[in-house]
Amino acid sequence: MSDRIYNFSAGPATLPLEVLEIAQKEFLNFNNSGMSLIESSHRSPEYDAVHQSCIKLFREVLQLDESYHVLFLGGGASTQFAMIPMNFLTKDKTAAYVDTGAWAGKAMKEAKYFGNVHLAGSSKDASYDHVPMSLDIPSGSAYVHLTSNNTIFGTQYQTFPDCGNVPMICDMSSDVASRVHDFSKFDLIYAGAQKNLGPAGVTVVILKDEMLQKANKDIPTMFSYHTHAKKQSLFNTPPVFPIYIVKLVLEWILRNGGIAGIEKINVAKKERIYQMIDLYRDYFKGTVKADSRSWMNITMRLPSEDLEKKFIAEAKANGMSGLKGHRDVGGIRVSTYNAMPKEGIVKLAQFMESFKASNPA
Ligand SMILES: *Cc1c(COP(=O)(O)O)cnc(C)c1O
């Protein structure tokens with residue numbers, strides 16, 4: 001469709017065109033039910049097939065076995081900031097947190113309502129230009145909380161730090177299913193869908209049964225992982241439409257060779273942009289250390305704020321939107337999520353080249 005632009009927004013973000021077209025085609029009459037999926041009962045066979053298939057697809061895509069619960073919750077990743085400590089902390093327990101930027105900080109703030117928070121590592125003094133690899137995690141900690149990709153600052157763990165025997169919890173909102181990892185080393189993974197999985201409205205929580213068994217039971221029903229695990233996220237009405245789109249996105253990932261196939265494309269994409277940053281380092285100034293560079297959110301400054309404004313406006317006029325950096329950090333941010341086609345990256349790299357040539361510092 002020629003009227004679609006390349007959307008580099010950090011979230012909600014671009015989705016595969018193929019997925020949108022399937023959803024459009026199926027929208028009015030889902031699977032011959034004579035109604036739209038969003039008009040169907042969440043207890044209907046039509047919806048149940050979508051729900052169960054989405055759970056299975058998650059395990060298949062992330063290569064996890066059935067000891068992992070896959071939950072579909074509302075409230076965004078931000079609600080998980082509170083739900084995690086509500087389930088796993090008490091006033092006499094400690095959780096270790098790694099401060100890698102704004103989202104990690106918000107997670108830490110919520111944990112303090114429920115128990116003790118130990119700062120296991122931080123890159124705050126370096127303006128979050130890297131992710132700390134050597135952590136200080138007290139051995140009896142209830143869990144350690146990491147943020148795999150820092151959407152705002154443009155840093156990402158390339159490999160995960162050693163956390164000893166302490167259960168690992170990770171906010172993967174902006175890089176879930178983007179690269180190959182041993183996901184089984186995490187006890188809980190969570191992700192708001194709107195960056196790399198689908199539309200806003202569903203948050204995926206992937207939780208090892210062993211970890212679930214440690215969750216507090218004396219907390220309100222809707223905030224208890226036990227409730228949602230026991231009812232497979234059908235205790236109340238789940239966000240049916242976002243779950244359906246996530247299912248289509250997971251199927252799209254599998255058609256593209258699974259995470260391994262997607263990773264290959266993602267590597268080529270991020271390398272193309274970092275090449276420009278390395279080649280023209282005095283013009284496109286990368287803001288993070290090379291060993292912490294995000295594959296998903298590439299951040300840079302231009303020689304002046306005026307040039308940044310001009311860059312964003314001209315890119316938009318050329319069919320590339322969403323390049324403005326987060327309001328807290330400014331500059332340019334190129335989000336290169338799974339669904340951003342390689343063609344969009346090639347076009348942006350060419351634009352960077354010509355913009356630099358016609359706008360000297
Ligand atoms: C966007 C984002 C969040 C917040 O997600 P909401 O669904 O808006 O609550 C949390 N963590 C990370 C890493 C994010 O990128």
> Out of curiosity, is K91 more than 20 Å from M168 (Cβ to Cβ), in a helix (DSSP H, G or I) and modelled with pLDDT of 95 or more?
Replying inline: no
> When you go through (1) of a type in the set (A, V, I, L, M); (2) away from the ligand (no atom under 16 Å from the Cβ); (3) in contact with a Ser or Thr (Cβ under 6 Å, 6 or more places away or on another chain) one by one for V180, which number turns out not to apply?
Replying inline: (3)
> Residues A82, A104: which one is within 13 Å of the ligand (Cβ to nearest atom), within 17 Å of L135 (Cβ to Cβ) and either open to solvent by 20 Å² or more (accessible area, probe 1.4 Å) or of a type in the set (G, A, S) (or both)?
Replying inline: A104
> If you go through the range 344-361, how many residues are in contact (Cβ under 8 Å) with a residue 60 or more places away in the chain and part of a helix (DSSP H, G or I)?
Replying inline: 9
>> Of everything in the range 136-162, what is more than 14 Å from the ligand (Cβ to nearest atom) and crowded, with 20+ Cβ neighbours inside 10 Å? Give them in sequence order.
In response: I137, S141, A142, Y143, V144
> Just checking, which of G257, G261, G286 is at pLDDT 95 or above, more than 29 Å from A23 (Cβ to Cβ) and among the small types (G, A, S)?
Replying inline: G286
> In the range 1-56, what residues are more than 26 Å from the chain's Cα centre (by Cα) and within 16 Å of the ligand (Cβ to nearest atom)?
Replying inline: none
> So, in the range 322-361, of the ones that are surrounded by 20 or more Cβ atoms within 10 Å (Cβ to Cβ) and β-branched (V, I, T), which residue ends up farthest from I253 (Cα to Cα)?
Replying inline: I332
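The values are calculated or read from the model by the stated rules, or taken from the named source; none is laboratory data. This one's a predicted model, so the numbers in the text were calculated from it and none came from an experiment. Note that each Cβ is placed from the backbone with ideal geometry, even for glycine, and that neighbours are counted across all protein chains shown. To get the accessible areas, we keep the full protein, side chains included, count just its heavy atoms, and leave off ligands, DNA and RNA. Shrake-Rupley method; radii C 1.70, N 1.55, O 1.52, S 1.80 Å.
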